[in-house]
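Asker: Sharing a structure below in structure tokens format, with a few things to ask.
The values are calculated or read from the model by the stated rules, or taken from the named source; none is laboratory data. Note that the structure is a prediction, hence the values are computed from the model and not measured. As a convention, Cβ positions derive from the backbone with ideal geometry for all residues, glycine included, and neighbour counts pool all protein chains shown.
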């Protein structure tokens, strides 16, 4: 085993539990969470072997996980947008409180990658500022695709309370992300 392989193994062993917990707090489906974890570790191994070393491996891993979570969210939204049009249901009552994120594509060049990194960092910071109950509702509905109906059934919290939490979360996130979008001129 090379010295590089030893560093990779040690980092994965040291950070795995924290990274799994980080991902599972944001992704409810255990299979999806495991997929993200494996993708992050695969990307880490590839990046670690590049000539430019990763100096802060822990920060790199969490940033990569955050990016994968947001990517998964975007992919689900794209699938929903390209799928068959369905009649609006009671569950769509919260659709007026959606936070529409416009993210630069991965392959749009270095400036787009920089803008994407800034936006993802700002989004994570803004999510971290939310009270836990607002953050959980926002992540469950927007990132994980849970319906309000399912959230009511699982949590026992009334629908109007969940909708209010989501609305406050979206208002906060819009206020926090607007200056970033303005600065980047997106």
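Asker: Being at pLDDT below 75 and outside any helix (DSSP H, G or I) is true for just one of 99, 113. Which residue is that? I'd like the intermediate steps shown before the answer.
Answerer: Values: 113 fails: outside any helix (DSSP H, G or I).
Only one candidate passes the filter, namely 99.
Asker: Please go through segment 1-42 and pick out each residue that is under 11 Å from residue 64 (Cβ atoms) and without any contact (Cβ under 8 Å) to a residue 24 or more places away in the chain.
Answerer: Correct list: 42 only.
Asker: Something else now. Is it true that some residue in segment 158-166 is modelled with pLDDT under 75 and in a helix (DSSP H, G or I)? If you could, list the steps in order and put the result at the bottom.
Answerer: So in segment 158-166, the residues modelled with pLDDT under 75 come out as none.
Checked segment 158-166: no residue is modelled with pLDDT under 75 and in a helix (DSSP H, G or I).
Asker: Hey, another quick one. I need the full set of residues from segment 130-145 which are part of a helix (DSSP H, G or I) and in contact with a helix residue (DSSP H, G or I) (Cβ under 7 Å, 6 or more places away or on another chain), in order please.
Answerer: First, the residues of segment 130-145 that are part of a helix (DSSP H, G or I): 132-143.
The answer is 133, 134, 135, 137, 138, 139, 140, 141, 142, 143.
Asker: With respect to residue 91, determine if the residue is surrounded by 16 or more Cβ atoms within 10 Å (Cβ to Cβ), outside the structural domain of residue 162 (by TED's automatic domain parsing), modelled with pLDDT under 85 and part of a helix (DSSP H, G or I).
Answerer: yes
Asker: Determine which member of the set 4, 58 is outside the structural domain of residue 160 (by TED's automatic domain parsing), over 20 Å from residue 118 (Cα atoms) and either in contact with a helix residue (DSSP H, G or I) (Cβ under 7 Å, 6 or more places away or on another chain) or at pLDDT below 85 (or both). Break it down stepwise before answering.
Answerer: On the way: 58 fails: over 20 Å from residue 118 (Cα atoms).
Exactly one residue qualifies, and that residue is 4.
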